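The values are calculated or read from the model by the stated rules, or taken from the named source; none is laboratory data. What you see is a predicted model, and the numbers here were worked out from it, not measured in a lab. As a convention, Cβ positions derive from the backbone with ideal geometry for all residues, glycine included, and neighbour counts pool all protein chains shown.
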Amino acid sequence: MNAIPNPIPARHKNVNRAEVCDQNFVEFVQNWSGSPHHAPQADEAVLPGSLCTARDFLALFESQLVSRHLDLMARVLRVKNKVFYTIGSSGHEGNAMVARLTRHTDPAFLHYRSGAFMAERFRKLPGTDGRKLDPIMDSALSFAASKDDPASGGRHKVWGSKPLWVLPQTSTIASHLPKALGTAVAIEQARRLAHALPVPEDSIAICSFGDASANHATAQTAFNAAAWTAYQKLPAPVLFVCEDNGIGISVKTPNDWIRASFGGRRDLDYFYADGLDLAEGYEQVARAVHHCRTTRRPTFLHLRTTRIMGHAGTDFEIEWRSVEELVAVESTDPLLRSAAIALESGLYTKESLLAQYEEVRKKCFAAAEEADRRPKLDRLDDVMAPLAPYTPDKVRAEAQRADYAIKRAAVFGADKLPETLPPRHLAIQINNALHDLFCKYPEALLFGEDVAQKGGVYTVTKGLHKAFKNARVFNTLLDETMILGLAQGYANMGLLPVPEIQYLAYFHNACDQIRGEAASLQFFSNNQYKNPMLVRIAGLGYQRGFGGHFHNDNSIAALRDIPGIVVGCASRGDDAATMLRTLAALAKVDGRVAIFLEPIALYMTKDLYEAGDGQWLTSYPPPDQAMPLGEGRVYEEGADDLVVFTYGNGVPMSLRAAREIEKKLGWKVRTVDLRWLVPLNESFIAEQAKNAKRILVVDEGRHSAGVGEGVITAIVEAGHGATPLRRVVGADTYTPLAGAAFLVLPGDADIVAAAEALR
């Protein structure tokens, strides 16, 4: 192929590398001096010896041109405030081969440099529901943040499409790899459950990322889990596509690092393909795709790419890279090689090639100008509409649905239904509720560390594995990131995942799988994709004999800060059962990410006031009873001398303190169990505060980051700020071991003392 001539012309010192790359292509075509072959027929090789046919090449080259001109258009129109995204795909256009050689029903989780992949995948499905799919117009709408953007409704520039099975990603710092693997595992597991998949049974999951992202801990956990799965001869048809351009923003990848790191990994099958050359790379990509689809093994495709025009429009590479280096990189532009193939094959003349180049440019700018005229999001309600959908009547009906009596009788025993048995403690009633949910939802899966044969660290899942077998209740590797990645994959395939995070402290290791991935999917896909799941997390403090920070974590703020999720926290067994039914219904009906926070210290609690009183045991509610979202529980309704707002461990503590306060001060005390921590029911809180003479907020979270701030805000904003009020909260510290733990957590005596201070 023709090389960029030396010495370096003055124009190559231009700060605007987009202009340079654009002109490079034009000059390359104009100066091409090779001899064209006789143009091949559609099904003939584009060049001798290539698996890529003329038909393949023509489509791929057009997709490359579309991607390139979208990048060039974005750079020009960004300065005019008509485009709001300039991370481009230039240099990565070879990923169009991956799109052509896979199916539009292969779920795809894409790197942000996937313009050519998207343009090519659009060919797989020309239209749907009467709407013509147009990669240029659809991309332009996304670049312009228009409400008409079919991917995100103007919320973000994402590569996504519901009909094309491209699940939108907002960042590609490896956070999408666990859920891509989870989707691959789910495709196979669904068959074992006789679950109807939304995609063909031989589908594969595609996941693309950069060479720099391959080093991220989240990427490594996905690679490890994929190999761990394959090592056990369990199918996991995921195609990891590492688009290796040799640089991460400004940090260069060591020479040949990806090949050295991944070329010999056991149970992660390695393939290399030249993404800069369609004629050469096509067969290499085809081999990787075929291997993944037929062997059902995790496959690593090392796709050679380059990066031209910088990381984004704001990355002026000439400020930190030499002109000579930039020119050398730009000489590897894959569009130059594609232009050479186009001319050498005889499929194009110089004139026809430049004409098509300009025609695609014209279409991209025309689409961008049209997108700029389309409406934008200008109302907060519209922005937030897909974040947390809630249909109360449907959720209530689903939560109360109890049409599975035969299955219940088979699992529990007709004469041992839990609602007919004596009152039991929290752990037993959660266990009964999980058995019930698994009778109700044959698509439900429970998984995590130690949850199967052992029944969990606290035996909360005891018996589920025996009742529902290994296909539905199973142990995972010790990796919370992958547990939540699996949950997203199962949800993508229409299953109802119920993952367990063994301790709240362990959730923090994997928080972004909920915050950045699962909880954001409905928002950034405009409610087209959902991640319904019911995540069980054991946590909070007050454990005796098994202490320390990791087993007494009261960092609830990490959950309360995640947009769109629902968090329930039950302090007693009957509440746990009815809450779980509603959480499952929220996931099933509205696609919500639902979190059930279980107070470990209350699992086995039987007594309330004194040993042997059994007053914290509860009867099991029949399966047609469910707790409405946001509904609290009130003890001593109408007692207004002091109102105590609390949750979790704070409930029995506050009830014991209330008895002492009445003895000491003669006050009637009302205790309000919030039960729902996200979202807080502000109207319920305001109503309970309305007639209060004094208010205490008992919050086992930390002083600076708990639930109490939200409760107090709701009280003040409702106009009750003049009511005397105090907080009883945990200290701003980690929880120490043994008896010292109770120095940093609020206790019964602290509540009584706070009440006395309100006299």
When residue 49 is run through (1) surrounded by fewer than 23 Cβ atoms within 10 Å (Cβ to Cβ); (2) over 29 Å from residue 382 (Cβ atoms); (3) in contact with a Phe, Trp or Tyr (Cβ under 7 Å, 6 or more places away or on another chain), the failure sits at (3)
Neighbours by Cβ (under 6 Å, 6+ apart or cross-chain): first from the range 717-738, under 23 Å from residue 688 (Cα atoms); second basic (Lys, Arg) and not in a loop (DSSP other than H, G, I, E, B): none
Quick check: anything in the range 167-189 more than 23 Å from the chain's Cα centre (by Cα), in a helix (DSSP H, G or I) and over 28 Å from residue 24 (Cα atoms)? no
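Among 340, 385, 399, 367, which is the only one that is of a type outside the set (Val, Ile, Thr), buried (at least 18 other Cβ atoms within 10 Å of the Cβ) and farther than 30 Å from residue 60 by Cα? Outline the logic, then answer.
Values: 340 fails: farther than 30 Å from residue 60 by Cα; 385 fails: buried (at least 18 other Cβ atoms within 10 Å of the Cβ); 367 fails: farther than 30 Å from residue 60 by Cα.
Going through 340, 385, 399, 367 in turn, just one is of a type outside the set (Val, Ile, Thr), buried (at least 18 other Cβ atoms within 10 Å of the Cβ) and farther than 30 Å from residue 60 by Cα: 399.
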Within the range 670-716, can you find the residues that are β-branched (Val, Ile, Thr), without any contact (Cβ under 8 Å) to a residue 60 or more places away in the chain and assigned to a strand (DSSP E or B)? 671, 672, 695, 697, 698
Select, from 230, 260, 236, the only residue that is of a type outside the set (Ser, Thr, Tyr), modelled with pLDDT of 95 or more and over 25 Å from the mean Cα position of the chain (by Cα). 260
Of the conditions (1) in contact with a Pro (Cβ under 9 Å, 6 or more places away or on another chain); (2) over 19 Å from residue 354 (Cβ atoms); (3) of a type in the set (Ser, Thr, Tyr), the single one that residue 50 does not satisfy is (1)
Sort through 417, 354, 380 and tell me the only one that's of a type outside the set (Lys, Arg), surrounded by fewer than 20 Cβ atoms within 10 Å (Cβ to Cβ) and closer than 30 Å to residue 116 by Cα. 354
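Quick one: which of 594, 587 is touching a residue at least 60 places away in the same chain (Cβ under 8 Å), of a type outside the set (D, E, K, R) and in a strand (DSSP E or B)?
Numbers: 587 fails: in a strand (DSSP E or B).
Just one listed residue meets the conditions, 594.
Could you tell me whether residue 155 is assigned to a helix (DSSP H, G or I) and surrounded by 21 or more Cβ atoms within 10 Å (Cβ to Cβ)?
On the way: assigned to a helix (DSSP H, G or I): no; surrounded by 21 or more Cβ atoms within 10 Å (Cβ to Cβ): yes.
The answer is no for residue 155.
Rundown of residues vs (1) hydrophobic (A, V, I, L, M, F, W, C); (2) within 31 Å of the chain's Cα centre (by Cα), yes/no style:
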| residue | (1), (2) |
| --- | --- |
| 282 | no, no |
| 294 | no, yes |
| 298 | no, yes |
| 316 | yes, no |
| 344 | no, no |
| 347 | yes, no |
Wholly within the range 422-521, helices (runs of 4 or more DSSP H) carrying at least 3 residues that are in the same structural domain as residue 401 (by TED's automatic domain parsing), in contact (Cβ under 8 Å) with a residue 12 or more places away in the chain and at positive phi: none
Since residue 359 meets every condition but one in (1) assigned by TED's automatic domain parsing to the domain that holds residue 28; (2) surrounded by 17 or more Cβ atoms within 10 Å (Cβ to Cβ), which condition does it not meet? (2)
The condition of being of a type in the set (Asp, Glu) and surrounded by fewer than 21 Cβ atoms within 10 Å (Cβ to Cβ) holds, among 256, 277, 244, only for 256
In the range 293-314, is there at least one residue being of a type in the set (Val, Ile, Thr), part of a helix (DSSP H, G or I) and surrounded by 22 or more Cβ atoms within 10 Å (Cβ to Cβ)? no
With (1) in a helix (DSSP H, G or I); (2) in contact with a Leu (Cβ under 8 Å, 6 or more places away or on another chain) as the list, and residue 284 as the residue in question, which single condition is left unmet? (2)
Quick one: which residue in 43, 106 is in contact (Cβ under 8 Å) with a residue 24 or more places away in the chain and part of a loop (DSSP other than H, G, I, E, B)? 106
Which of (1) surrounded by fewer than 24 Cβ atoms within 10 Å (Cβ to Cβ); (2) within 20 Å of the chain's Cα centre (by Cα); (3) without any contact (Cβ under 8 Å) to a residue 60 or more places away in the chain is the odd one out, the single condition residue 198 does not satisfy? (3)
Look through the range 645-669, keep the residues that are under 43 Å from the mean Cα position of the chain (by Cα) and in a loop (DSSP other than H, G, I, E, B), and return whichever of them is surrounded by the most Cβ atoms within 10 Å (Cβ to Cβ). 647
In the range 697-734, what residues are under 30 Å from the mean Cα position of the chain (by Cα) and under 15 Å from residue 648 (Cβ atoms)? 699, 700, 701, 702, 706, 707, 708, 710, 711
Would you be able to tell me the number of residues in the range 529-566 that are in contact with a Lys or Arg (Cβ under 7 Å, 6 or more places away or on another chain) and without any contact (Cβ under 8 Å) to a residue 24 or more places away in the chain? 0
